[in-house]
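Since the structure comes first, as structure tokens, the remarks are kept for the end.
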Amino acid sequence: MSLSDKQTGRLYGVGLGPGDPNLMTLRAVELVGAADVVAYHSARHGRSIARSIAAGHLRADQVEEALVYPVTTEGTDHPGGYRAALEEFYEEAAQRLAAHLDAGRDVAVLCEGDPFLFGSYQHMHKRLAHRYPTEVVPGISSVNAAASRLGRPLVEDREVLTVLPGTLPEEELAARLSSTDSAVVLKLGRTFPAVKRALQQAGRLEDAWYVERATMAGERTGRLADVDEESVPYFSVALVPSEVGAPAETVAEAKVPLVPPGAGEVVVVGLGPAGPAWLTPEARGALAVADDLVGYSTYIDRVPARPGQRRHASDNKVESERATFALDLARSGRRVAVVSSGDPGVFAMASAVLEVACEEGYADVPVRVLPGMTAAHAAAARVGAPLGHDFATISLSDRLKPFDVVSRRVAAAAAADLVLALYNPASRSRTWQVAAVRDLLLEHRAPDTPVVVARDVGGPQESVRVVALTDLEPTEVDMRTLLIVGSSQTQAVRRADGRHVVWTPRRYPEEPAV
């Protein structure tokens, strides 16, 4: 009889739930009681939480396989280090279980929580499941148990839940906590101080809850900020629950600023050129914890509404008034996010806010600027790398400066053979500037100089074309368009797929010796 025809046992990965035996599923109870072999992991002390959960359903005649970790959190003298020591252990454990399966015995591997959510069973699954008939029984996870013990919903409506291991680097934790609605952090214990600092950096500490040994003896819950760092075991969870589903009084309580009373702040946030894919985690976090949003109505509409957050939309031509309003809110103790498209420091709100913030009455109001993806960089990426060498960024709008200043700057940059990124090229009331700038550039550039005409990059009506400078048609350019004009070195090549690739070499030719 060939090996493929041999009758083998079945492998079961059995999720036991968070700790209370009453929370085991009926299927888990059935399989634990029926299996020929019951396997479970434990530390070197030999006590297994998984076995203790299932103990009431074990039979005296069952074979028990205790899979004892050689290391847990301590160091090791294994020549390959900690990871190699564990890999060797998993291989040996899988071989032990495979021997039972080959002999036709069914094996149930016990796993607290859910087997596929940071479960210890997974290491056996990926080594054995492709070789033997396998069934995985889901279990109530510590994530769900913690939320139920707190009586707090995890997510509602369009909220996003992020599950994180506390072993991530602190900066990575802070970034991910900033960019999500709700979060659960597992694997605490010795990682707890770093997790707490990450929550503080992300502005989420006051929203965070702590659950220890959910549904088990010794269960403890409370505000995470109040927990003694030295008292936290591995089997504990940090939870930032839903604000949509929270009681009204809890939302108000969670919105207490992490700054002293009367000392709010203004954060000027870059939303990127369009859509959530262009938003940085840092910016997303600032928007999430803000008490107030201030900005041009079109940009305010791009930010999802949050419970308890006030939104102050205004026209696009009142930058100074908007800045003053935001600083007044912050002076009263509010956390204020002033939103801009692209990067707030590039033809946007950062300058307006800082100009007012430097007046005597606002000198003590904290102001931060968070960068965003610029329209120029987004447009450049769509065609390749036209900004690969020196370039100049110029706004063609004459609303805040005379057009003769625009002309002189364009001429100087063109004479210096810089690539040009031209913002605000035209609007309903400005229809002649593009033609004037094109003609000016043709005094310094060859007619076939590539020009990237990028409209609504990242948006639903995105259009990106490459044309020769002499063929640039002003009537096809509006306020939502950005132009990138190549230098004498910029290359435009049509590739096999029919698309243009544009790039500016990083080397510039040397001037000939005189």
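Residue pairs whose Cβ atoms lie under 6 Å apart, sitting 6 or more positions apart in sequence or on different chains, and linking a residue in the stretch 77-89 that is over 15 Å from HIS41 (Cα atoms) to a partner that is assigned to a helix (DSSP H, G or I) and open to solvent by 20 Å² or more (accessible area, probe 1.4 Å), are HIS78/ALA84. For the stretch 111-133, state whether one or more residues are surrounded by fewer than 16 Cβ atoms within 10 Å (Cβ to Cβ) and polar (S, T, N, Q). No - not one qualifying residue is present in the stretch 111-133.
One residue stands out among those in the stretch 39-73 that are among the β-branched types (Val, Ile, Thr) and under 16 Å from GLY119 (Cα atoms): the one that is modelled with the lowest pLDDT, which is THR72. Out of curiosity, is VAL457 under 30 Å from ARG507 (Cα atoms), in contact (Cβ under 8 Å) with a residue 12 or more places away in the chain and not in a loop (DSSP other than H, G, I, E, B)? Considered against the rule, which asks whether it is under 30 Å from ARG507 (Cα atoms), in contact (Cβ under 8 Å) with a residue 12 or more places away in the chain and not in a loop (DSSP other than H, G, I, E, B), VAL457 comes out as no. Suppose we keep only residues that are more than 30 Å from ALA330 (Cα to Cα) and in contact with a Leu (Cβ under 8 Å, 6 or more places away or on another chain) within the stretch 365-386. Which one would you say is surrounded by the fewest Cβ atoms within 10 Å (Cβ to Cβ)? For the stretch 365-386, the residue satisfying everything is HIS377. Consider the stretch 278-321 and keep the residues that are among the hydrophobic types (A, V, I, L, M, F, W, C) and open to solvent by 20 Å² or more (accessible area, probe 1.4 Å). The one that is modelled with the highest pLDDT is ALA313. Within the stretch 406-435, residues that are at positive phi and in contact (Cβ under 8 Å) with a residue 12 or more places away in the chain have Cβ atoms under 8 Å from residues that are open to solvent by 30 Å² or more (accessible area, probe 1.4 Å) and part of a loop (DSSP other than H, G, I, E, B) in these pairs: ASP417/HIS444; ASP417/SER488; ASP417/GLN489; ASN424/PHE347; ASN424/MET479, counting only partners at least 6 apart in sequence or on another chain.
Residues in the stretch 460-492 that are part of a loop (DSSP other than H, G, I, E, B), open to solvent by 10 Å² or more (accessible area, probe 1.4 Å), in contact with a Phe, Trp or Tyr (Cβ under 9 Å, 6 or more places away or on another chain) and of a type outside the set (Val, Ile, Thr): 1 in all. Taking first residues from the stretch 195-211 that are free of Cβ contacts under 8 Å to residues at least 60 places away in the same chain and within 20 Å of GLY151 (Cβ to Cβ) and partners that are polar (S, T, N, Q) and open to solvent by less than 20 Å² (accessible area, probe 1.4 Å), the Cβ contacts under 9 Å between residues at least 6 apart in sequence or on separate chains come to TYR210/SER236. Please find, within the stretch 344-364, the residue that is nearest to ALA286 (Cα to Cα) out of those that are out of contact with any helix residue (DSSP H, G or I) (no Cβ under 7 Å at 6 or more places or on another chain) and crowded, with 23+ Cβ neighbours inside 10 Å. The extreme case among them is ALA350.
Against the criterion of being open to solvent by 60 Å² or more (accessible area, probe 1.4 Å), over 28 Å from the mean Cα position of the chain (by Cα) and within 28 Å of GLN491 (Cα to Cα), PHE391 qualifies. Count of the stretch 51-94 residues, restricted to those that are open to solvent by less than 40 Å² (accessible area, probe 1.4 Å) and assigned to a helix (DSSP H, G or I), is 10.
Residue count for the stretch 199-222 satisfying the condition of being open to solvent by 60 Å² or more (accessible area, probe 1.4 Å) and in contact with a Ser or Thr (Cβ under 9 Å, 6 or more places away or on another chain): 3. Applying the set (1) in contact with a strand residue (DSSP E or B) (Cβ under 8 Å, 6 or more places away or on another chain); (2) open to solvent by less than 70 Å² (accessible area, probe 1.4 Å); (3) assigned to a helix (DSSP H, G or I); (4) charged (D, E, K, R) to GLU159 leaves exactly one unmet item: (3). So MET373 fits all but one of (1) of a type outside the set (Ser, Thr, Tyr); (2) within 25 Å of ALA288 (Cα to Cα); (3) in contact with a Phe, Trp or Tyr (Cβ under 6 Å, 6 or more places away or on another chain); (4) modelled with pLDDT of 95 or more; what number is the exception? If we test MET373 against (1) of a type outside the set (Ser, Thr, Tyr); (2) within 25 Å of ALA288 (Cα to Cα); (3) in contact with a Phe, Trp or Tyr (Cβ under 6 Å, 6 or more places away or on another chain); (4) modelled with pLDDT of 95 or more, just (4) comes out false. The C-beta contact set for the stretch 372-401 (first residue in contact (Cβ under 8 Å) with a residue 60 or more places away in the chain, second residue part of a strand (DSSP E or B) and open to solvent by 70 Å² or more (accessible area, probe 1.4 Å), distance under 7 angstrom, 6+ apart or interchain) comprises GLY384/TRP503; ALA385/TRP503; PRO386/TRP503; GLY388/TRP503.
Please indicate, with yes or no, whether at least one residue in the stretch 257-266 is part of a strand (DSSP E or B), in contact with a helix residue (DSSP H, G or I) (Cβ under 9 Å, 6 or more places away or on another chain), modelled with pLDDT of 50 or more and more than 30 Å from ALA357 (Cα to Cα). Break it down into steps so the answer makes sense when it comes.
So the first thing to find is which residues in the stretch 257-266 are part of a strand (DSSP E or B), and the list is 265-266.
Checking which are in contact with a helix residue (DSSP H, G or I) (Cβ under 9 Å, 6 or more places away or on another chain) leaves us with 265-266.
Next, from what is left, pick out any that are modelled with pLDDT of 50 or more: 265-266.
Adding the requirement that they be more than 30 Å from ALA357 (Cα to Cα) leaves none.
No.
Scanning the stretch 5-32 for residues being assigned to a helix (DSSP H, G or I) and open to solvent by 20 Å² or more (accessible area, probe 1.4 Å) gives a total of 8.
The values are calculated or read from the model by the stated rules, or taken from the named source; none is laboratory data. As the structure is a computational prediction, the values presented were derived from the model and not from experiment. Please note: Cβ atoms are built from the backbone with ideal geometry, for glycine as well, and neighbour counts cover all protein chains shown. Areas reflect the complete protein model, heavy atoms only, side chains present, ligands, DNA and RNA absent. Shrake-Rupley method; radii C 1.70, N 1.55, O 1.52, S 1.80 Å.
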